[in-house]
1. To the nearest whole percent, what portion of all C-alpha pairs in the stretch B:1-111 is separated by more than 17 angstrom?
2. Ranked by Cβ crowding within 10 angstrom, fewest neighbours first, how are B:103, A:106 ordered?
3. Applying a 10 Å radius around every beta-carbon, put A:76-88, A:55-67 in order of their mean neighbour count, most first.
4. With N denoting the number of residues in the protein assembly as shown, provide Rg(C-alpha) divided by 2.2 N^0.38 Å, to two decimal places.
5. Which ordering of A:111, B:73 is given by a fewest-first count of other beta-carbon atoms within 10 Å?
6. Relative contact order of chain B, please, whole-number percent, based on alpha carbon pairs below 8 angstrom and at least 6 residues apart.
7. How much length is gained if the chain between residue B:110 and residue B:98 is pulled fully straight, taking 0.36 nm per residue apart and subtracting their Cα-Cα distance, in nm to one decimal?
8. Sequence gap at least 6, Cα distance under 8 Å: using those rules, report the relative contact order of the stretch B:51-122 to the nearest whole percent.
């Protein structure tokens, strides 16, 4: 779970399939077949909460934002991008190359984390 | 999902059992048996992300914080508190009366929402 600032400006959750979660929990490398998903919403000030508490209190998930993203581990198929394939969907439609070309340049900076930004939240 | 400021200072997720989620999705009143759970973590600036992006970028879920909370709907058993029972656990231990007495005074302010702060995130 995270709050992203800057251009992203969202609140988000990162989910994994069984292979991804098992690797996270056991501190092992992500195996082929691991899938990580990212969903996000606008991060909206909550009038309901702020009114009930009598002060600025809460920012809550609003409307879906910034599409849905996936990382899929397949060390042979995606060898040129560190063993991970990247996907981004807006309203169910896959993003174009311009969007996709922006994935690996940032993830490449964290090769020592197997290209995954998100830590496991216990 | 929410970012709470002030004394709470956390990032949190709210989950529901099937009865609660069905009521949320269909916009119906929460039936007896509905359970809502709240988990939370410290909201930490992410050095990893900020370094990769070259700017302040991310606040991420850190260590568990502010215990685990539940609301359980039983309109007869909990009639005196709007039909909801409240629970709070720190490290698996139920909170004392002083903590518990603080639940309903705030939730009471939102009777028109059936005492539930969280909206369903689609």
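FYI, it's all coordinate maths here, none of it is from the lab. What you are looking at is a predicted structure, and each value in this text was computed from that prediction instead of being measured. Here Cβ is always computed from backbone atoms with ideal geometry, including for glycine, and neighbour counts include all displayed protein chains.
1. Value for the stretch B:1-111 (Cα pairs over 17 Å): 64 percent.
2. So the ranking, lowest neighbour count to highest, is A:106, B:103.
3. For the peptides A:76-88, A:55-67, the packing ranking is A:55-67, A:76-88.
4. For the protein assembly as shown, the normalised Cα radius of gyration comes out at 1.12.
5. Values: A:111 9, B:73 24.
If I rank by nearby Cβ atoms, fewest first, I get A:111, B:73.
6. On the way: 198 pairs, mean separation 23.5, N = 122.
Computed over chain B, the figure is 19 percent.
7. Here the answer is 2.2 nm.
8. Working: 59 pairs, mean separation 14.4, N = 72.
Once normalised by length, the contact order is 20 percent.
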